[in-house]
Amino acid sequence: MRAIAPAMTAMLLRDPPSTCSLGSQDEMQHAYLTNEAIETYAEVSSWQLANVKEALEEDASGRSGIRHEEVVERMDSWGTDYELPMPKPKTSECTDR
């Protein structure tokens, strides 16, 4: 399995027009809110990366599950006259019998 490197993203933060006129009294609050937004973004990115890595490891392990394409096909059929049945999970290919 190949390693997943975290994505590097450059961010340019600009004051939105509505906050430019707040004045110096709110600079600390603005800095706090900006910092909170960056921390939240980092937490979400970290969570997503961990879940993707776990899903890739699960898929590589051969444990049972449903292919993404089958799930998407079923969801796309919802609300149509030709709704597909729930896909069957693939079975584990266990060789130690």
Worksheet item: Given (1) at pLDDT 75 or above; (2) part of a helix (DSSP H, G or I), where does GLN25 come up short, assuming only one miss?
Response: (1)
Item to complete: Considering each residue of region 62-81, count those that are polar (S, T, N, Q), exposed (fewer than 12 other Cβ atoms within 10 Å of the Cβ) and not in a loop (DSSP other than H, G, I, E, B), and give that number.
Response: 0
Item to complete: Might you check whether a residue that is among the acidic types (Asp, Glu), over 16 Å from the mean Cα position of the chain (by Cα) and modelled with pLDDT of 90 or more occurs anywhere in region 80-91?
Response: yes
Item to complete: Answer yes or no as to whether ALA7 is of a type in the set (A, V, I, L, M), modelled with pLDDT under 65 and out of contact with any Lys or Arg (no Cβ under 7 Å at 6 or more places or on another chain).
Response: yes
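The values are calculated or read from the model by the stated rules, or taken from the named source; none is laboratory data. Here the structure is a predicted model, which is why all the values come from computation and not from measurement. For neighbour counting, all protein chains shown are included, and Cβ atoms are generated from backbone atoms with ideal geometry for every residue, glycine included.
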